[in-house]
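Only one structure is covered here, and it is reproduced in the block below.
The values are calculated or read from the model by the stated rules, or taken from the named source; none is laboratory data. In this text, all values refer to a predicted model and were calculated from it rather than measured experimentally. Positions of Cβ are backbone-derived with ideal geometry, glycine not excepted, and every protein chain shown enters the neighbour counts. Just the protein is used for accessible areas: all its heavy atoms, side chains included, with ligands, DNA and RNA removed. Shrake-Rupley method; radii C 1.70, N 1.55, O 1.52, S 1.80 Å.
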Amino acid sequence: MLDFWGNRTKSCLCLILLFAVLLGFYSNVFSLIPRRQTEKSQSSPEAHHVQGRRESLTLSEGDGHLDSCRIPEVPRLLYPKAQLLKPLRVDVLVMTPWFAPVVWDGTFDSALLDVQFRNTTIGLTVFAIKKYVVFLRLFLETAEKYFMVGHKVIYYVFTDRPADVPQIALQDGRQVVVLHVGNYRRWQDISMHRMEMISNFSRRRFLREVDYLVCLYVDMKFSDHVGVEILAPLFGTLHPGFYAADRQSFTYERRPLSRAYIPRDEGDFYYAGGFFGGSVPEVYRLTTACHQAMTADQAQGIEAVWHDESHLNRYLLSHKPSKVLSPEYLWDEQMLQRPPLLRKLRYVAVPMNHTEIRSR
């Protein structure tokens, strides 16, 4: 009897062990089937097409230009070491609450940045419509002296008077491209259609020709270094009239009906319409959004208080710039007294008769 039960117990144990082995084997086999199917499907031409399309979508839908995400290799350079316990500026804000640097004199090393951006091409857009073409010569001559010196630059001049664009000597690797556009009766219309034209040309050619765009007013001149320290996926410039003001004093669009509307309890800074930019894809998104918002306003019979500048401020409130330029980069010596914190004036207004220029 004991032998019977002992033999039966051994037989049961053997069956259980055999069942466990077979279960493990078949589970491994079945687990391989979908994996092989996946590998087979991925090796098919259709899978490669889908995978390539997905990768291209990921790249094209990024937050900035591909070059702005690339970490360049820096060769051996001699430059002062940053002192962690000795900030370069303590008299001004050098970092926004969202960790975007605020660019002031003394907060960057031009030589180091020039190496980092050595293979970069910068596009500069400027509008010289109607009589504003008279500012072009001084603008371009001072740009050649101070703007992105040593780097490749394309000046995109939007004008209705191509024959009046002056011929000036340019550094190697730099060129002027004249874009013939129509004009508008009111200067406000010219200002607002600027966003539309930058958007259109970004899609049609800027994306293929340059890495970054800098969008400026033409009735200005460069008076000191403006270099690659300004470049970022998206940047705006503090308006010289409001850099020290509280948000309730900003001249945002306050009418809720407008797409540029900003309530009085919101706002970071007041950005100037005369100096903004970034990577071409980001500038395309900005200008397209502003143009669409202005079109929607026009359909409602409303015009923002400061036109494209109002819509620029609305956009930069919702899409925080990755770099903010101090008022060094936009100043009016005729209207504002220079404070001690401004060590340099890099881009300044040219005195003019606004009524005469805008009416012709």
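Name the shape class, rounded, prolate or oblate, that the alpha-carbon gyration tensor gives for segment 285-349, where a ≥ b ≥ c are the square roots of its eigenvalues, rounded holds for a/c under 1.5, and otherwise prolate holds if a/b is larger than b/c and oblate otherwise. Could you put the intermediate results ahead of the total?
Numbers: a/c = 3.61, a/b = 1.98, b/c = 1.82.
Verdict is prolate for segment 285-349.
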**Complete:** The answer for L325, listing residues at least 5 apart or on another chain whose modeled amide H is closer than 5 Å to its amide H, is V103, G236, T237, L238
**Prompt:** If amide H atoms are built 1.01 Å from N in the plane of the peptide, which residues on other chains or at least 5 residues away come under 5 Å of the amide H of V350?
**Reply:** M220, K221
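Work out the FRET efficiency for V92 and V305 from their Cβ-Cβ distance, taking R0 = 25 Å, and round it to the nearest 0.05. Before the final figure, lay out the partial values.
Details: r = 28 Å, r/R0 = 1.13.
It comes to 0.30.
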**Asked** Per Stokes-Einstein, at 37 °C and 0.692 mPa s, what whole-number D in µm² s⁻¹ belongs to segment 217-327, with the Kirkwood radius over Cα pairs as the hydrodynamic radius?
**Response** 226 µm²/s
**Message:** Below 9 angstrom from the Cβ of R343, what's the summed charge of the other residues (Lys, Arg +1; Asp, Glu -1)?
**Reply:** -1
**Prompt:** Which net charge results when you count Lys and Arg as +1 and Asp and Glu as -1 among the other residues whose beta-carbon is under 12 Å from that of F201?
**Reply:** +3
**Item:** Whole-Hz ³J(HN,Hα) from phi, Karplus 6.51 cos²θ - 1.76 cosθ + 1.60, for segment 73-85, glycine and proline x
**Value:** 7, 9, x, 4, 9, 9, 8, x, 6, 5, 9, 4, 9
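Roughly to the nearest percent, how much of the accessible area of segment 100-215 is carbon and sulfur, given a 1.4 Å probe?
48 percent
For K320, K145, give me the order by solvent-accessible area with a 1.4 Å probe, most accessible first, ignoring ligands, DNA and RNA. Walk me through the intermediate numbers first.
Numbers: K320 85, K145 130 Å².
Correct descending sequence by accessible area is K145, K320.
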**Item:** R343 versus D172: modelled label distance in nm, points set 7 Å from Cα along the beta carbon direction
**Value:** 3.2 nm
**Request:** Give, as a single signed number, the net charge of other residues whose beta carbon lies under 10 Å from the beta carbon of T295, with Lys and Arg counted +1 and Asp and Glu -1.
**Result:** -1
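Given charges of +1 on the Cβ of Lys and Arg and -1 on the Cβ of Asp and Glu, with all other atoms neutral, how large is the dipole of segment 238-328 about its Cα centre, in debye to the nearest 20?
Working: 9 positive and 11 negative charges, 35 e Å.
Its charge dipole is roughly 160 debye.
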**Request:** Taking H placed 1.01 Å from N in the peptide plane, check which residues at least 5 places from Y270 or on another chain put their amide H under 5 Å from its amide H.
**Result:** H239
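Classify segment 107-163: rounded, prolate or oblate, from the alpha-carbon gyration tensor (a ≥ b ≥ c, eigenvalue square roots; a/c under 1.5 rounded; otherwise prolate if a/b is larger than b/c)?
Values: a/c = 3.43, a/b = 2.39, b/c = 1.43.
Since a/c reaches 1.5 and a/b is larger than b/c, the shape of segment 107-163 is classed as prolate.
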**Message:** Just to verify a number: FRET efficiency for R255 and M335, C-beta to C-beta distance, R0 = 25 Å, to 0.05?
**Reply:** 0.40
**Request:** Return the distance in nm (one decimal) between the two label points of a simple spin-label model at K131 and E266, each offset 7 Å from Cα along Cα→Cβ.
**Result:** 4.0 nm
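In segment 221-360, what percent of the accessible surface is made up of carbon and sulfur (1.4 Å probe, ligands and nucleic acids excluded)?
Details: 2910 of 5890 Å².
Result for segment 221-360: 49 percent of the exposed heavy-atom area is carbon or sulfur.
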**Asked** Could you name the lysines in cross-link range of K221, using Cα to Cα under 30 Å and dropping any fewer than eight places away on the same chain?
**Response** K130, K131, K145, K152, K320, K323, K344
